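**Student:** What follows is a single structure, and I will ask about it in a moment.
The values are calculated or read from the model by the stated rules, or taken from the named source; none is laboratory data. As the structure is a computational prediction, the values presented were derived from the model and not from experiment. Positions of Cβ are backbone-derived with ideal geometry, glycine not excepted, and every protein chain shown enters the neighbour counts. What goes into the accessible areas is simple: the full protein's heavy atoms, side chains included, and nothing from ligands, DNA or RNA. Shrake-Rupley method; radii C 1.70, N 1.55, O 1.52, S 1.80 Å.
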Amino acid sequence: VQLQASGGGLVQPGESLGLSCAASGSIFTIAVMGWYRQAPGKQRELVAIITSGGSTTYADSVKGRFTISRDNAKNTVYLQMSSLKPEDTAVYYCKTTDLRYGTSWGQGTLVTVSS
């Protein structure tokens, strides 16, 4: 599975930003797709995940502000981030997990929230 993430950039606190990550290869619908992030000097942490059936899990720190969604036909996962805070600054990575294909990580995209 190859993952190509896009989006990210510099925004001011309170603004919104969207990320997308497309999975490619000889694959069917991937079981679990999600986003993780790693801030400078910190460990990588879960942001949100979504199953092929649409069940979602969010980190407490982003609940109510971030929305994860996916397009199963395109094997693409999205992360809509709103009310961004400086503490959301991190490199965001997409991840896929499936018993058939194992685990794959995207290349990471930087999100910077700063005034």
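**Student:** Please give the number of the condition Asp60 fails out of (1) modelled with pLDDT of 95 or more; (2) part of a loop (DSSP other than H, G, I, E, B); (3) within 18 Å of Cys21 (Cβ to Cβ).
**Tutor:** Asp60 satisfies all of (1) modelled with pLDDT of 95 or more; (2) part of a loop (DSSP other than H, G, I, E, B); (3) within 18 Å of Cys21 (Cβ to Cβ) except (3).
**Student:** Could you say which residue among Ile30, Ile49 is modelled with pLDDT under 95 and among the aliphatic types (A, V, I, L, M)?
**Tutor:** Ile30
**Student:** If you don't mind, there's one more thing I want to ask. For segment 78-95, what are the residues that are open to solvent by 50 Å² or more (accessible area, probe 1.4 Å) and not in a helix (DSSP H, G or I)?
**Tutor:** Tyr78, Gln80, Ser83, Lys85
**Student:** Separate question: Which condition does Met33 not pass, out of (1) outside any loop (DSSP other than H, G, I, E, B); (2) under 20 Å from Pro13 (Cβ atoms); (3) not hydroxyl-bearing (Ser, Thr, Tyr), if it passes all the others?
**Tutor:** Unmet for Met33, out of (1) outside any loop (DSSP other than H, G, I, E, B); (2) under 20 Å from Pro13 (Cβ atoms); (3) not hydroxyl-bearing (Ser, Thr, Tyr): (2).
**Student:** Any idea which residue in segment 96-107 is modelled with the highest pLDDT, counting only those that are under 16 Å from Ser55 (Cα atoms) and crowded, with 18+ Cβ neighbours inside 10 Å? Reasoning before the result, please.
**Tutor:** To start, the set of residues in segment 96-107 that are under 16 Å from Ser55 (Cα atoms) comprises 96-98.
The next check asks that each one be crowded, with 18+ Cβ neighbours inside 10 Å; those that pass are 96, 98.
On the way: Thr96: 96, Asp98: 92.
Checked segment 96-107; the qualifying residue modelled with the highest pLDDT is Thr96.
**Student:** Restricting to segment 62-115, name every residue that is among the basic types (Lys, Arg) and free of Cβ contacts under 8 Å to residues at least 12 places away in the same chain.
**Tutor:** Lys63
**Student:** Condition check: out of contact with any His (no Cβ under 8 Å at 6 or more places or on another chain), closer than 18 Å to Gly7 by Cα and at pLDDT 95 or above. Does Ser83 satisfy that?
**Tutor:** Considered against the rule, which asks whether it is out of contact with any His (no Cβ under 8 Å at 6 or more places or on another chain), closer than 18 Å to Gly7 by Cα and at pLDDT 95 or above, Ser83 comes out as yes.
**Student:** Also: With over 21 Å from Ser6 (Cβ atoms) and either surrounded by fewer than 21 Cβ atoms within 10 Å (Cβ to Cβ) or under 12 Å from the mean Cα position of the chain (by Cα) (or both) as the only criterion, which of Lys74, Lys42 stands out?
**Tutor:** Lys42
**Student:** Among the residues that make up segment 25-32, is at least one of them open to solvent by 50 Å² or more (accessible area, probe 1.4 Å), in contact with an Asp or Glu (Cβ under 9 Å, 6 or more places away or on another chain), under 18 Å from Asp88 (Cα atoms) and of a type outside the set (A, V, I, L, M, F, W, C)?
**Tutor:** Scanning segment 25-32, I find no residue that is open to solvent by 50 Å² or more (accessible area, probe 1.4 Å), in contact with an Asp or Glu (Cβ under 9 Å, 6 or more places away or on another chain), under 18 Å from Asp88 (Cα atoms) and of a type outside the set (A, V, I, L, M, F, W, C), so the answer is no.
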